Number of protein chains: 4
Amino acid sequence: MPSIDLNADAGESFGPWKMGSDEELFPLLSSVNLATGFHAGDPLTMRRSIALARKHGVAVGAHPGFPDLVGFGRRDLAVTPEQAYADTLYQIGALAAFLKVEGALLHHVKPHGALYLQMLRNEATAEAVARAVRDYDPELPLVLLPNTPMEAAAARVGVRFVREAFPDRAYLSDGRLAPRSLDGALIRDPERAAERAVQMVLEGKVAALDGGEVEVRAETLCVHGDNPEAVAIARAVRRALETAGVDVRSYR
Amino acid sequence: MPSIDLNADAGESFGPWKMGSDEELFPLLSSVNLATGFHAGDPLTMRRSIALARKHGVAVGAHPGFPDLVGFGRRDLAVTPEQAYADTLYQIGALAAFLKVEGALLHHVKPHGALYLQMLRNEATAEAVARAVRDYDPELPLVLLPNTPMEAAAARVGVRFVREAFPDRAYLSDGRLAPRSLDGALIRDPERAAERAVQMVLEGKVAALDGGEVEVRAETLCVHGDNPEAVAIARAVRRALETAGVDVRSYR
Amino acid sequence: MPSIDLNADAGESFGPWKMGSDEELFPLLSSVNLATGFHAGDPLTMRRSIALARKHGVAVGAHPGFPDLVGFGRRDLAVTPEQAYADTLYQIGALAAFLKVEGALLHHVKPHGALYLQMLRNEATAEAVARAVRDYDPELPLVLLPNTPMEAAAARVGVRFVREAFPDRAYLSDGRLAPRSLDGALIRDPERAAERAVQMVLEGKVAALDGGEVEVRAETLCVHGDNPEAVAIARAVRRALETAGVDVRSYR
Amino acid sequence: MPSIDLNADAGESFGPWKMGSDEELFPLLSSVNLATGFHAGDPLTMRRSIALARKHGVAVGAHPGFPDLVGFGRRDLAVTPEQAYADTLYQIGALAAFLKVEGALLHHVKPHGALYLQMLRNEATAEAVARAVRDYDPELPLVLLPNTPMEAAAARVGVRFVREAFPDRAYLSDGRLAPRSLDGALIRDPERAAERAVQMVLEGKVAALDGGEVEVRAETLCVHGDNPEAVAIARAVRRALETAGVDVRSYR
């Protein structure tokens, strides 16, 4: 029976401010990437998000970001590799402590926002983050976008990694994600995203935005947690996968 | 052969700003309490401070504080027990990650500044911090001031704890530290601090500021790291202890 | 024709996180207290909130708070008077700059949350904040709770001040606000809050929670902006005041 | 009698952490650029730095930077023009308030670190900062590096601007500052820096690092405040200028 992990960014509230629909979203997922205090997520939020994840049997990963709360970690920041390494390690350890007191283990690490994007084009940053994950625990998977400098850096560093794909994003025929500026880059229709998710898992390919098909192989599918359609998309994707006989469960 | 631990707060630089004389101080100590990012100490500083501590064979503990950088964690903040627990756990985990990648273990936890002082008078805060330490690792010692509500709370919670004494602070005959506002509360003469350190270890008592003697029993002596005389006091204390045949080494 | 100002805290979003219903609330008010970056409100939020206020002809005041974003300025912080003065001045100046570029003037200052509460019991803090307001502009009104140490301090300092009352909070017969822990301290029924608002303005008194009546004289009524009923209460209060022939407009 | 302004970045302490030698430096300068809380400088530090500046008759400008304390505003941050505008305005207003209560006026604005550097290559950022300065006060000068996109943007926006030059930095024959990576880019010898300062003022040109001479015309000379030789360089520059009959005084 084929299986796939379904992940989303979560735990992105901060202090008195709420973000996302974690209560509705978590039952639909098999893993979550929890904000770790630098771009969102304070210690209490982290604790509560872990409790929610465990209630629903969802695996918990760390979602480290740039130290830019007001910018939500979405603005590129020119960090040195040493800073990227240390900031990542700090955030991993902080989240892991909340899991440890629950007798649980950190499941994976997935960088957030502008840090993730910087890792797609800057190998020094990508290597630094990958080394932090590997040094912390050689068995800990780093979630990444395949066929990118990020994957090359991870392979060089020797970190365990897991490839992700985006059923609600269009791909170009060369394998890259279609830039958000292109018409049709974002797939807002839950049923269409669901159909693409099934194709990705069962066929390993989807239609490309610029014509033809593109190979997309992944161990985890990401549904975006911070848009209004997030819950509807997650629900449709999960239902379609299960209907197609795909087991939605995490990879470890 | 009698033995004692010698500790100081350290790693209290932040970003471009330096504080303290860690390079000179570490060789004189057997353990350090490293700032963990909330009141001082950023991820890079934590990493470098651990490298320095390991170079000198010094045990590394976490020094969590209030999230108040501009106030250096020295201003009382009305946290809830839930916040005290979560903030402490977050900071412990963050520091522990830097030790883990070095193959080292977190040695102890000693709260900082206004958090430490709040634990001396607020049992709910003291219990919350003690629970965070115990939940993280039942063998992890919490360094505290004996004969205080802080110790009572720690005992109730069942955390392992280690008592500290201050050779450069005067005591009252009832066992309490003399308030800093009293004349003579701070002992700035390195030789006098050193003499008191030896007395504390060998006799378990020192002269009280208000007359008579006071029992002072501790497993660790703290020398303050952030005043100009810190290095001179640490050097005098260490030399006097060794001359008196006391082994300066950590307690675990 | 009697008149009254109607104020609410606003502009309390931060970065990507939204708070409150400013779009619905502003048309119902005559003045707003905008967060100034320390407990909520970032520069862009401040700019947008001022644009919204000006669109609706609402006077804009500064709402300085403690530098405690994660605690939303609601946790008491042991600041020195020098810190309270400097933090207040900093925040006033920052907001005033956004008004200056619009050709508008800062209308008033109303401290936020735990800072406001600290001013009710700590005269040194109250005087420091009052001095900051007066030094910045001797004509700038400080909004405060009458019959408190806060008012006494303001009078001593010689700052211009404006008294506020709370139609959605119960009062005790001695003039104090009923503590939130008492049953009935919060008035959630919009119509009842509205009725009390009219009484406060036309009669200068309302029923006390512990029996009898209590004098309540104020130049501005505050409706809380951060609870779900805020808009309903503001709407009911405004309508009732206008129906009773009270002119809702600001005091300067 | 020829005259020139001598400026340095200052007020860059933060909370308990000291930076620079403001007490020794201020008597040697005619203007200072004070950190405004985002990359360094807290409200109390701002207040004290203004007092020090006024004691020595030094003009006070704002030195806004990116909101990146741990990185000291030296890491490039991908801000939008709206954010650059709002962040600049916020910081200008905050500093201006401390001057206002002293009956003094804000003298100029000089962006800090990575913000200044971003303005050298990104015209949208440069325009946004220039608009913030102009909108705040059309008479307020923006200090900038001439012959750069920063100057072009300032000219387009119509902000008043003042050109600065660096006697302790080498120039290339095309007018640009020599990149720090080149040998000889930094001039550490106080006497040589002093000699270049005099040349810049009296002849409007200096020797270029790559041969020949380069025109350097400026209304203000910057001496770096955060290196160990800062005071020695400032002293030598000032003495040489006065010896050469140049009046060291500010431009407004």
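A few points about this structure:
- In segment C:55-81, the residues that are assigned to a helix (DSSP H, G or I) and either among the charged types (D, E, K, R) or out of contact with any helix residue (DSSP H, G or I) (no Cβ under 8 Å at 6 or more places or on another chain) (or both): C:Lys55
- In the set (1) part of a helix (DSSP H, G or I); (2) in contact (Cβ under 8 Å) with a residue 12 or more places away in the chain, B:Asp174 fails one condition alone, (1).
- Looking across B:Leu202, B:Leu145, B:Leu209, one residue alone is out of contact with any Gly (no Cβ under 9 Å at 6 or more places or on another chain) and farther than 22 Å from B:Ala96 by Cβ. It is B:Leu145.
- Of residues in segment C:69-83 being more than 7 Å from every other protein chain (Cβ to nearest Cβ) and more than 18 Å from the chain's Cα centre (by Cα), the one nearest to B:Arg75 (Cα to Cα): C:Thr80
- Residue in segment A:33-42 that is small (Gly, Ala, Ser), within 18 Å of the chain's Cα centre (by Cα), farther than 24 Å from A:Arg239 by Cβ and not in a loop (DSSP other than H, G, I, E, B) present: yes
- Being assigned to a helix (DSSP H, G or I), more than 15 Å from the chain's Cα centre (by Cα) and basic (Lys, Arg) is a condition met by at least one residue of segment D:95-106.
- When residues in segment C:203-252 are screened for being over 19 Å from C:Gly184 (Cα atoms), in contact with a strand residue (DSSP E or B) (Cβ under 7 Å, 6 or more places away or on another chain) and without any contact (Cβ under 8 Å) to a residue 40 or more places away in the chain, 2 of them pass.
- Residues that are touching a strand residue (DSSP E or B) at 6+ places or on another chain (Cβ under 9 Å) and basic (Lys, Arg), drawn from segment B:128-171: B:Arg134, B:Arg160, B:Arg163, B:Arg169
- Pairing residues of segment D:40-51 that are more than 8 Å from every other protein chain (Cβ to nearest Cβ) and under 19 Å from D:Val70 (Cβ atoms) with residues that are assigned to a helix (DSSP H, G or I) and of a type in the set (D, E, K, R), at Cβ distances under 6 Å and at least 6 apart in sequence or on separate chains, gives no pairs at all.
- Among the residues listed as D:Ala130, D:Ala51, the single one being crowded, with 24+ Cβ neighbours inside 10 Å and of a type in the set (A, V, I, L, M): D:Ala130
- Considering segment A:179-239, the qualifying strands (runs of 3 or more DSSP E), each wholly inside and each with 1 or more residues that are farther than 24 Å from A:Leu34 by Cα, run over A:205-207, A:213-215.
- Of the set (1) β-branched (Val, Ile, Thr); (2) within 29 Å of B:Leu52 (Cβ to Cβ); (3) touching an Asp or Glu at 6+ places or on another chain (Cβ under 9 Å), all apply to B:Val109 but (3).
- B:Leu202 aliphatic (A, V, I, L, M), surrounded by fewer than 20 Cβ atoms within 10 Å (Cβ to Cβ) and at pLDDT 95 or above: yes
- In segment B:91-107, the residues that are of a type in the set (S, T, N, Q) form Cβ pairs under 8 Å with partners that are crowded, with 21+ Cβ neighbours inside 10 Å, at six or more places apart or across chains, as follows: B:Gln91/A:Ala94; B:Gln91/B:Thr36; B:Gln91/B:Gly37; B:Gln91/B:Phe38; B:Gln91/B:Ala62; B:Gln91/B:Pro64; B:Gln91/B:Gly65.
- When D:Asp210 is tested against (1) away from chain C (no Cβ under 14 Å); (2) acidic (Asp, Glu); (3) farther than 30 Å from D:Ala244 by Cβ, exactly one condition is not met: (3).
- Set A:Ala78, A:Ala59: member being surrounded by fewer than 24 Cβ atoms within 10 Å (Cβ to Cβ), under 25 Å from D:Phe38 (Cα atoms) and not β-branched (Val, Ile, Thr): A:Ala78
- Restricting D:Gln91, D:Gln118 to those that are buried (at least 20 other Cβ atoms within 10 Å of the Cβ), modelled with pLDDT of 95 or more, at the interface with chain C (Cβ under 9 Å from one of its Cβ atoms) and touching a Ser or Thr at 6+ places or on another chain (Cβ under 8 Å) reduces the list to D:Gln91.
- Selection from segment A:1-13 of residues that are touching a strand residue (DSSP E or B) at 6+ places or on another chain (Cβ under 6 Å) and over 15 Å from A:Val237 (Cα atoms): A:Met1, A:Asp9, A:Ala10, A:Gly11, A:Glu12
- The one condition in (1) touching a residue at least 24 places away in the same chain (Cβ under 8 Å); (2) assigned to a loop (DSSP other than H, G, I, E, B) that A:Arg134 fails to fulfil: (2)
- Counting only residues that are in a strand (DSSP E or B), within 14 Å of another protein chain (Cβ to nearest Cβ) and among the charged types (D, E, K, R), segment C:1-32 holds 1 of them.
The values are calculated or read from the model by the stated rules, or taken from the named source; none is laboratory data. Being a predicted model, the structure only gives us computed values, none of them experimental. All Cβ positions, even for glycine, are placed from backbone atoms using ideal geometry, and neighbour counts span all protein chains on display.
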